[in-house]
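Engineer: Next up is a structure, given as structure tokens.
The values are calculated or read from the model by the stated rules, or taken from the named source; none is laboratory data. Since the structure is predicted, the reported quantities are computational estimates derived from the model, not experimental observations. Positions of Cβ are generated from backbone atoms using ideal geometry, with glycine treated the same way; all protein chains shown enter the neighbour counts.
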Amino acid sequence: MTPAIIYVMPDNSFEDWIVQDDSGCTLGRFPTREAAELVAQPLAKTQRGELVIRLPDGRTTRQSFANG
């Protein structure tokens, strides 16, 4: 089974931050990146998956929780 991926990314207007699962389902919208990460990180940990943060400048950071 492939580990789940939880994404944190800005919306198209860069006003909110979206938390999405790897199927594209939106799990929440937040006013700041920090608020979105506070929700996304425990989800990725629980699923022993990966947290991927897509920044507005195109950079991406990844954090794996596959090993618990």
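Engineer: Limited to region 38-60, what total is found for residues that are in contact with a Gly (Cβ under 9 Å, 6 or more places away or on another chain) and crowded, with 18+ Cβ neighbours inside 10 Å?
Structural biologist: Residues that pass the stated criteria total 1.
Engineer: Does Ala35 qualify as being touching a residue at least 12 places away in the same chain (Cβ under 8 Å), surrounded by fewer than 17 Cβ atoms within 10 Å (Cβ to Cβ) and not aromatic (Phe, Trp, Tyr)?
Structural biologist: Criteria met by Ala35.
Engineer: Would you mention how many residues in region 23-68 are under 17 Å from Asn12 (Cβ atoms), over 12 Å from the mean Cα position of the chain (by Cα) and at pLDDT below 95?
Structural biologist: 3
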